[in-house]
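Beneath this line is the structure, given in structure tokens, with notes to follow.
The values are calculated or read from the model by the stated rules, or taken from the named source; none is laboratory data. Just so it is clear, the structure is predicted and the values come from calculations on it, not from any experiment. All Cβ positions, glycine included, derive from the backbone under ideal geometry; neighbour counts span all protein chains shown. These area figures cover heavy atoms from the full protein model, side chains too; ligands, DNA and RNA do not enter into them. Shrake-Rupley method; radii C 1.70, N 1.55, O 1.52, S 1.80 Å.
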Amino acid sequence: QAIAALRELGVLGPDGASVKNPNHVKKSQAATLNVVAQRYVADPFLIDGRKFDLRVYALVTDADPLRVFVYNDGLVRFCTTKYVPPEAGNLKNSQMHLTNYAVNKNAENFVRAEDVGKSLPKPKTPAQRARALLGDEAESPEPGFGSFENPEVETLGNPNLVGDGGVASKWSVQNGFRPWCLSNGVDFAEVWDSVSDVCVKTVIAAAPLLRHNYRNAMRQMESFDGVGTDKEEKDGNAADAGGGSLCFEVLGIDVMLDVELKPWLVEVNHSPSFATDSTLDLRVKQNLIKDTIALIGLNEKAIRRRKTAEQNDARAR
């Protein structure tokens, strides 16, 4: 569909080659097409021959002034088919070229993190495959939560670390990707700094629009009394992070590395999934939510007071 749309726009010719001067495109024709075109990273950095991307989480706590925090953990999502540069014969193999979890999770060779190191019989019947997909045939270990500020890496380079690493089709950044980098001569700190830099600059690019919308919303409010926060009880860090903002948002930013370890922005999800299909997801996302609540200074007592005030106002009316 994308190729057909680009041909209609005159960006691609009939043979698929790019057109340098697509001046023949009719304005009325171009106006009817809604297309997003991206450059394909044809030389991705591979691990065990597999293409992957990084799901990085960024918390925006304020729009004016802009405040952005990048979570120091995330997810590494692998393709389930080993990578071959794109050519006519493999363009339709989405599980080779697309790292999306939704695309790869139903693949026959998708490996759940909890199953790494286990010798499970290959399911034969549709019912067996369905049970294996739901995880009923594998016992899941108890979730172990590491510290956000000082994540614990149990065993560097251990391919059988439960929930991370090895042949699993999804890793965490801290317990899967970081140990792999340390064991394979890759400077994890440098890579993560460059990835975080892309995330911050991406949010900055949208800052003018965010600030405009935020200021318009503030003008419509009669007063601000710190909804959801308790100014007297917030600690210094929460106060600095949350400030007097009435909004926050967790963004899911997808980044891909090329063979030179240069990060490329793939997309930004303003409503990233918090589904926990595995212990790995639970460990990463639960800590993410805990830190988000701490950073925005969300206070249960203040919320209760606010609800009580709203109920009193409603009764008075």
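If amide hydrogens are placed 1.01 Å from N in the peptide plane, which non-local residues have theirs closer than 5 Å to the one on Asn269?
HN-HN under 5 Å from Asn269: Gly252, Ile253, Asp254.
Please give the net charge around Thr276, taking every other residue with its beta carbon less than 11 angstrom from that of Thr276, where Lys and Arg add +1 and Asp and Glu add -1.
For residues surrounding Thr276, the net value is 0.
How long is the gain from Ile303 to Val36 if the chain were fully straight, where each residue apart is worth 0.36 nm and the alpha carbon distance is subtracted?
Net length gain for the segment: 92.0 nm.
Using a 1.4 angstrom probe on the protein heavy atoms only, line up Met96, Met218 by accessible area, largest first.
Ranked from most to least accessible, the order is Met218, Met96.
Can you give the FRET efficiency for Val84 and Ile204, using 1/(1 + (r/R0)^6), R0 = 30 Å, r = Cβ-Cβ distance, to the nearest 0.05?
0.25
Quick one: net charge of Val191's neighbours, Cβ under 10 Å, K/R +1, D/E -1?
Taking every other residue near Val191 into account, the sum is -1.
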